Each structure stands twice: as structure tokens, then as C-alpha cells.
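Throughout, read-outs are computed from the coordinates displayed, never taken from laboratory work. Please read these numbers as outputs of a predicted model, since none were measured by experiment. Heads up, the Cβs are rebuilt from the backbone with ideal geometry, glycines too, and the neighbour counts pull from every protein chain shown.
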Amino acid sequence: MSFILRCIDCGHKAPYFPTAINCPQCNSQWREAEYDLATLSKTLPLQLPDRPFDLWRYHELLPVRNPDPSITLGEGGSPLIKATNLGLMLGCPNIFIKDERQGPTASFKDRQAAVSIAALKEAGITEMVVASTGNVAIAYSAYAARAGIKLWAFVTSLVPAVKMREIALYGSQVIKVTGSYDNVKRAASEFAQQRNLYQNMGARSIPSVESMKTIAYEISEQITAFLGADAIENNKSLWRTPDWYVQAISGGMGPLGVAKGFSELKEMGFINKEPAIAAIQTAGCSPMVTSWKKGLETAEIVEEPRTHIETLATGDPGRTYNLLRKAIDNTDGAFESVTDEEAFRAMHVIAKMEGVSAEPAAAVAFAGLFKLIRAGVIKPDDTVVVNCTGHTMPPEKFVLGDDWARNIVFPENETEKETPKEGILAALSHVVPERFSRVVIVDDTTEARLLIRRILQSQGDFTLFEAKNGKEALRIIRRENPDLIILDLMMPELDGFGVLDELKANAETENIPVIVSTAKELTKAERERLKGQIQSLLQKGDFMSDEFLDEVHTVIN
């Protein structure tokens, strides 16, 4: 399929060649690929059913004329996973995870590397330079090794050592730069110019942006398989889209490409609408978020990023901010920032609730999701897809904290232990904290009990008891003497109000703190009845995990 490059500054159109970076008419480096979408809208639907579900499924919409199957590593086609437990917790049932961890090097940068290396191989280029905070260099190293291209990888010295070692393992030359990522980019650029080498230039590199479109194409097919095709006024589209696409960003090239993908699908008539784009940054380096909230046309540069999440520490996004800002404004999307602590907490939540272990940079996207739902920007009935890219590898120490594990040491001298049983009990006694929170969860709905249990387990060590009705709850409470009761109001046999009356009538239970969690809209009289008897009232589907735990900690501590 033929394609051309159009300069976004002067409109000049020219053929694509990887080393021709500048527009031949105005010298701008900002160009984008254009395809014959009118023809593709008719031919592509006929061809897709016979193609594998991978990145090259959409090769007519990529800047590679003859894809070389010998250098593929199985990129693209990552699964879309419904986050059922997370949806229950957030009161937003249609949350999906685009699991980009399952790419060849465990990040969505595999798409970028696959298309870029294919284009370079096609053009006969044998040596290149990348600047990276980790994942880009790993992905390019893998594909460059497969294609026989020498790679110079410039990385900040703050990149975790395990990632540096992986880059070197592929045979790439690693250049560590002590300084910010912006310093790294400058050093890489100077090196490439001195040696006249091809350099990946992020959002200015055509294959990089174009590769990210495939995420949009895949999501549209996958979400249609889950929810069915979209329809507006009886006109059924081929595919549908989520209401929101959420991704953590550093330089912003990823969602820029994803937005272009959705735009092309709409132009071809495959979808009826483009999703709102949410771009999330870490608060310690959030030039795009800050500038967008101030209404600035140009991003304010962050000279000294202050974040543990070095892979997102791009202080100067340059013109990418302007382009991404336009895409976000056009889709009624949002920029948002979260703290490192919120991201680390999100890592625990998604791992323990969904079985998804993601690196801190990906957790920033989930923390942003929590924040946008809490603020009412994302509505309960919205369908949301979150990009989850980058596996944790070995987690950094500051993510887990000092007490992430406890040791059990058995005495080596047989005379020191009376019996095997007593030795085990003595060892286990060191595992139990001085104060261990005991919680009774009372709800007649199994799903609600499971939800509260998962939230608590995702945040700390609790001893949990469950009761499915009021009478059973009272028996457990009297027997276990818990530190806290989480109580539903609407239950058969004995409802929550009756349980409260029984607790307050007994001197042994009257002072146990109670949090009421209910889906019922309470009347004024019912609220008056609860006054003075409970510590907090939470609506089901309306509370966030951190807010919920704040209530628990406030009550217990």
C-alpha cells in the first residue's frame, strides 16, 4: 500500500525515507504519514478475517512497504482483559486492561521497535542511536539484534541496573549519562550527528508514531468482541471504541499515535466516535499536566524532575505537548498527575485484585484512573481501557518498603526446641505484628464480601471474618471480639440496624467501631438512627480503595 508524508507545518507532501528527517520545502521535522483511507475502508474488512491477530495485521496502514517476516518477534496482538474486581471496587464495571506486558520484551515499546527496525532494514540502514529511560532501549536492542543492526543505547544513569543489563545482553552498546533524560537526549543527538547515524527521534520519527496506532486498531476489534458493535441512529459501525483510553506518559508519543489510530478508524467509517484520551504523568515531572491545566500553548519545562519513576521523567516534552494537547482537547479528554506514592499503591491494588504485576510507570496510569473516577471525570457507566505496559522485573526496594517479607528461622541446635510443633509456633510468633487488625465483614452478597476482602488484603495484613446475615454476624462478633465491623444494612432475618441495636445493648460489644457500607439510599430518619452509632457511612460502588482504607485506619489507629 502506498503512503506519503505530509508536513504539518507547510502541508508539503513527499515520499518517505527513514533518513530524510526534514520537510524538503520548509525544513520542519514534524510530518505525518497519510494513506489511501478511502480504498482501505473497502478492502481491509475483507482481508482481516484471514490474518493473524498481531501488529502486521494492519500492515497497509504502516510505513513499511514490504514487511520482513524474518525479523518479527510476535509483536502486537496483546490481550484485552476485563478488570472485574477493579470494576467492582471502583463502581465502574467496564474497565479493561490492554496487557502490553505480554510483548516480546514486556512493553508497548515493542511495537515501536518492530516497525522502526523493519523500516530501517528495508532502507538498508545498519547502525542507529536511541535515547531511552529503559524500555525503548530494551525493545530496540532485541529487534536490532534480530535484524543485524548495531545499536547505541544512551540511557540515564538512574535507569535500574537490571534494565541496563538486559540492554547490554542483546549486544547493544550502553552509554550511561549522569543527568536527566533531557540530557541523555542531547548527548545521543550530538553523537548521532557526529557519526552521521540514524537516530530515533520519538514523536518526530514516523515509524514510532505509526506503530502506536495498532493499539487503537486492536482495542477496537477486542472491545467489539466483548460488547458488540456500536450503533448510532441505526447505522451500525464495523467496530466500537471505549469511552476512555488511559495511559501513563513521559514524552507523550504513545497516546499521540493511539489517537491517530482512532482518528483513522473514524475516517474510514469503522467506528462512530473516538474515545477520550487521558494522559497521566507522575507529579514529580508533569510539565504537560501543569501546562494544560494552566491553559498554556507551550509546555513549561521541568528542569529537575523529582520522582522515583525515572522512566517517566521527561522534563521537556517540546512540541509533542502541543500535538497531544490538541488530540486530548478534541476528544474531551484530560491530562492528570499522580504522586509516586499513589502509583506504588496502585501497583499493589492491581496485582492483588487482578493478578497483574506492572512496573511503576504503568501503575501511574491506574492511579490516574482512580483519580479521574473519584473526581467524576470518568463516569460509572463509561467503558475504559488502560494501557498496562512493562512488567515489574524484580521490584525496586522503595516500592515494597522494608517490611515486604518476614523471616522464619528455625533453631539449628536440636536441644533448643522442645518439639517440632513448638519450634514452628515459636518461629511463627515473630511473623505476627504487635497489633493485628481483626475485621468482621457482614453482607448477604457474596460478591460484596469478596470485594471488601480484596480491598483490605490489597492494602495490609488483616485477620478477616465473614458473615452473610445479621444473626451469624453477632455470633462471630461475640466469639472473635474484632477491632472493626464493616456492616451492610439490608440483610434477611436480622438487618444492619438490628445488628447495631444488639451491639449497643451489650457492654462487651458496644464500643467496637462500625463502618456501614450500603447500596441503599438512606432516608432522613434512617440517617438519624445511625447517628452516634457508627464511625462512617460509605455507599457501595462509590468508594475508592484508598478512601476506604483511610476510614479503616482512622477507626483502628
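Calculated mean residue ellipticity at 222 nm for the chain: -12500 deg cm²/dmol, from DSSP H runs with n ≥ 4 weighted as -39500 (n - 2.57), summed, divided by the residue count and rounded to 500.
I need the trypsin sites (Lys or Arg not before Pro) found in the stretch 1-101, filtered to DSSP loop residues with at most 15 other beta carbons within 10 Å of theirs.
In loop regions of the stretch 1-101 (DSSP not H, G, I, E or B), the sparsely surrounded trypsin sites (Lys or Arg not before Pro) are 65.
As a ratio to 2.2 N^0.38 Å, the alpha-carbon radius of gyration for the stretch 195-334 is 1.15.
Checking every one of the trypsin sites (Lys or Arg not before Pro) in the stretch 475-537 against DSSP loop status and a limit of 10 other Cβ atoms within 10 Å picks out 531.
On a C-alpha basis, how far is the centre of the stretch 73-94 from the centre of the stretch 185-229 in Å? Whole number, if you could? Taking the Cα centre of each part, the stretch 73-94 and the stretch 185-229 sit 23 Å apart. Here the peptides 304-312, 18-26 are ranked by packing, the mean other Cβ count within 10 Å, and the order with the highest first is 304-312, 18-26. Mind running the shape call on the stretch 109-200? Use the C-alpha gyration tensor, a ≥ b ≥ c as the square roots of the eigenvalues: rounded below 1.5 for a/c, prolate if a/b tops b/c, oblate otherwise. Since a/c reaches 1.5 but b/c is at least a/b, the shape of the stretch 109-200 is classed as oblate.
Please work out which option in (i) 88, 68, 48; (ii) 137, 78, 62; (iii) 86, 72, 47 gives Cα extents along the principal axes in Å calculated from these coordinates, and answer with its label. Read-out from the structure maps to (iii).
If only the Cβ of Lys and Arg carry +1 and only the Cβ of Asp and Glu carry -1, the dipole of the stretch 187-318 around its Cα centre is close to 100 debye.
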